[in-house]
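Report on one structure; see the data block that follows.
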Amino acid sequence: MQELLMKHQLVERGFVAPVALREPCIQLEREAMELAHSFRALSGIARTVLGSPAEQIEHVRSAEESRRLFASESERLEAERASVESEIAAAELVVRSAERHQGKTAIRAPIRGTLAGESLSRFDAVSANASVGVVEDASRLVLKVHVDEADFRRIRVGQAVESHALDGRLLRGSVVWRTRSRGRQCAIRRGTC
């Protein structure tokens, strides 16, 4: 009985699967039936062996009270067994649902790129239509750069360029166009990761 109660507490806390309670419940039911049978036999013997009729009546009354207590305990154990079976069925349903949805929980972006912003940890819950970050498409990234007059003359359209993002990523691309702006020179670089 103590083993059953201990395992039930472990099931309630989620440390042990509810299936672990099935075998101790069955064994406890068998023992309870054997005790009930033995009790009936002893009660019959006690009626014939014990002393005076008054003593026999008292022993029989005591035995009947014990039988009622035992029946009550048996009913409680039956209710406990039914509860455990219900928990086992619910756990099996959860397992089947998880198996059915396994591999269907990947989050995919509609474009290629790098996920920026706060990243999720494994097993974090995400609700439907919730934002999990921003996908940066570095192949379409355009950097507008202001350069000094001396450097502007050295920049040519099609020239390969490299730049480092704040997060340390290396961006590579080429000069797409260049123009003067308000007396200052600038070049535009188209980048890719």
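The values are calculated or read from the model by the stated rules, or taken from the named source; none is laboratory data. Since the structure is predicted, the reported quantities are computational estimates derived from the model, not experimental observations. When we count neighbours, we look across all protein chains shown, and the Cβ atoms used for this are built from the backbone with ideal geometry, even at glycine. Calculation scope for accessible area: heavy atoms of the full protein, side chains included, ligands and nucleic acids excluded. Shrake-Rupley method; radii C 1.70, N 1.55, O 1.52, S 1.80 Å.
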field: Boolean, R67 is assigned to a loop (DSSP other than H, G, I, E, B), of a type in the set (K, R) and open to solvent by 80 Å² or more (accessible area, probe 1.4 Å)
entry: no
Output for segment 127-177, where each listed residue is without any contact (Cβ under 8 Å) to a residue 24 or more places away in the chain and of a type in the set (A, V, I, L, M): A128, A130, V134, A150, V157, A160, A165, L166, L170, V175
- prompt: List, please: which pairs have Cβ atoms under 7 Å, are six or more places apart or on different chains, and start with a residue in segment 91-110 that is free of Cβ contacts under 8 Å to residues at least 24 places away in the same chain and within 16 Å of V19 (Cβ to Cβ) and end with one that is among the aliphatic types (A, V, I, L, M) and open to solvent by 90 Å² or more (accessible area, probe 1.4 Å)?
  reply: none
statement: Exactly one of I155, I111, I107 is among the hydrophobic types (A, V, I, L, M, F, W, C), outside any strand (DSSP E or B) and open to solvent by 100 Å² or more (accessible area, probe 1.4 Å), and that one is I107
- prompt: Of these, R140, R172, which one is open to solvent by 50 Å² or more (accessible area, probe 1.4 Å), in contact with an Asp or Glu (Cβ under 6 Å, 6 or more places away or on another chain) and either closer than 19 Å to T114 by Cβ or modelled with pLDDT under 80 (or both)?
  reply: R172
